[in-house]
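The values are calculated or read from the model by the stated rules, or taken from the named source; none is laboratory data. Predicted model, so just to flag it, every value in this text is computed and none were measured. Every residue, glycine as well, gets a Cβ built from its backbone with ideal geometry; the counts of neighbours run over all protein chains shown.
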Amino acid sequence: MKLFTGKRSAKYFWITLTVSKLVLLWKWDMALLVGLSMYLISGGWRYARACIITLPRDLIALSILLRIYLLLWLTEWRKHGIRDIFAGIVKQKGRDTVAILHEDAKWTYGEIDDFSNRIGNFLVSKGYKPQTNIALFMENEPKYIGIWLGAAKVGLVTGLLNSNVRRDALVSCLAQLDPQAVFIGASLVSAVVEAGIVPEGSLPEGCDVIIFPPACNAKAPWGSEFTAAQITHAKLSDVVNSSSPAPPPVMKEPRITDTLIFVFTSGTTGLPKAAIITFSRYIFMSTAIHHLCRIRRDDVLYIPLPIYHTAGGIVGVGQMLCCGVKIALRTRFSASKFWSDCIKFDCTVSFS
């Protein structure tokens, strides 16, 4: 009875094929025919049937995979980076087309482009070199995307810090990155003070700020009194207003293997650890979901998840940056506000 269960069908196929070819000295076509017959008789038809039924799905997945690999090859061949990909999307969609919805604000592609250019020009003016690390510690909002996009345009790497980390976990994240600048949202300034990264009362309240570590050769660790006493800061609004919206200079030839951002593990089994997201991984994940889920460019994607993680920040935000899909952000996740937000923003797709 076990012969007809299909559990050993592959084994019977190879045994039959070997005996037919090597012992009976049959030709390959006859040996294969007998082997396949034994495979089907021993229960392999179930697998053959499953393969036939799922063949359309597999062909679609294969075509998408080949399309993505072709995109990555063309991106490498053209020597394009994230700035070139986004510039193409801005040109296709139009600078006045709405790209991001957040609360009652609407950011167009042109506004995101200009904001990110200002950030990029500011970082260049500070003398930072490509692949220098910076950190971003903010909650979900359009500026969040503009900051790390601006850094990426000039080749800098942004560590996306979990907005819920505090004290030792926050200090550990900064120690791993050793950032030359940390962008802090207004709502999280108190968390930075609480962790001992800056002295109490040294940062303005109610506004986004950027802090800079002391420029000395023998750096003390983040969170130490020595470092905290020498940290300088600037208001994000002042930096943006004083920087040019013109495209920043190309600091290095981009490659798809360049590190684009860092995302951190949740820290449930220890302190958070940084994971490298290269440009190719970002493109692959965002475009794969775009095609597999059949997201259209006229869709509105609701992102209630935090954009410091993969689902929200890569798969979600990547739909806007790489595919031209309008997105709607929520500052903090709220199950009770999910449907009301979807109605408010007229969303047609959601990642949750």
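Identify, from the list VAL182, VAL263, VAL193, the residue that is aliphatic (A, V, I, L, M), in the same structural domain as ILE112 (by TED's automatic domain parsing) and over 30 Å from VAL90 (Cβ atoms).
Details: VAL182 fails: over 30 Å from VAL90 (Cβ atoms); VAL263 fails: over 30 Å from VAL90 (Cβ atoms).
Matching residue, one of VAL182, VAL263, VAL193: VAL193.
For LEU260, which of the numbered conditions (1) in contact (Cβ under 8 Å) with a residue 40 or more places away in the chain; (2) farther than 30 Å from ARG78 by Cβ; (3) among the hydrophobic types (A, V, I, L, M, F, W, C) fails to hold?
(2)
With LYS11, LYS21 as the choices, which residue is of a type in the set (D, E, K, R), modelled with pLDDT of 65 or more and buried (at least 17 other Cβ atoms within 10 Å of the Cβ)? Show your work before the answer.
Details: LYS11 fails: buried (at least 17 other Cβ atoms within 10 Å of the Cβ).
Going through LYS11, LYS21 in turn, the sole match is LYS21.
Please work out which one of (1) in contact (Cβ under 8 Å) with a residue 40 or more places away in the chain; (2) within 29 Å of ARG330 (Cβ to Cβ) is the condition THR75 fails and give its number.
It fails just one condition, (2).
Taking ILE277 as the residue in question, decide whether it is among the hydrophobic types (A, V, I, L, M, F, W, C) and either part of a loop (DSSP other than H, G, I, E, B) or on the phi > 0 side of the Ramachandran plot (or both). If you could, list the steps in order and put the result at the bottom.
Details: among the hydrophobic types (A, V, I, L, M, F, W, C): yes; either part of a loop (DSSP other than H, G, I, E, B) or on the phi > 0 side of the Ramachandran plot (or both): no.
It is false that ILE277 is among the hydrophobic types (A, V, I, L, M, F, W, C) and either part of a loop (DSSP other than H, G, I, E, B) or on the phi > 0 side of the Ramachandran plot (or both).
Are there any strands (runs of 3 or more DSSP E) wholly within the range 102-204 with 1 or more residues that are under 30 Å from LYS337 (Cβ atoms) and of a type in the set (S, T, N, Q), and if so which?
105-108, 157-160
In this structure, is GLY318 in contact with a His (Cβ under 9 Å, 6 or more places away or on another chain) and in the same structural domain as HIS102 (by TED's automatic domain parsing)?
Values: in contact with a His (Cβ under 9 Å, 6 or more places away or on another chain): yes; in the same structural domain as HIS102 (by TED's automatic domain parsing): yes.
It is true that GLY318 is in contact with a His (Cβ under 9 Å, 6 or more places away or on another chain) and in the same structural domain as HIS102 (by TED's automatic domain parsing).
State whether one or more residues within the range 279-290 are within 24 Å of ASP208 (Cβ to Cβ), buried (at least 17 other Cβ atoms within 10 Å of the Cβ) and of a type outside the set (S, T, N, Q).
There is no residue in the range 279-290 that is within 24 Å of ASP208 (Cβ to Cβ), buried (at least 17 other Cβ atoms within 10 Å of the Cβ) and of a type outside the set (S, T, N, Q).
Rundown of residues vs (1) at pLDDT 90 or above; (2) crowded, with 24+ Cβ neighbours inside 10 Å, yes/no style:
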{"site": "LYS91", "(1), (2)": "yes, no"}
{"site": "GLY94", "(1), (2)": "yes, no"}
{"site": "LYS106", "(1), (2)": "yes, no"}
{"site": "LYS129", "(1), (2)": "yes, no"}
{"site": "ALA151", "(1), (2)": "yes, yes"}
{"site": "GLY155", "(1), (2)": "yes, yes"}
{"site": "ARG167", "(1), (2)": "no, no"}
{"site": "PHE183", "(1), (2)": "yes, yes"}
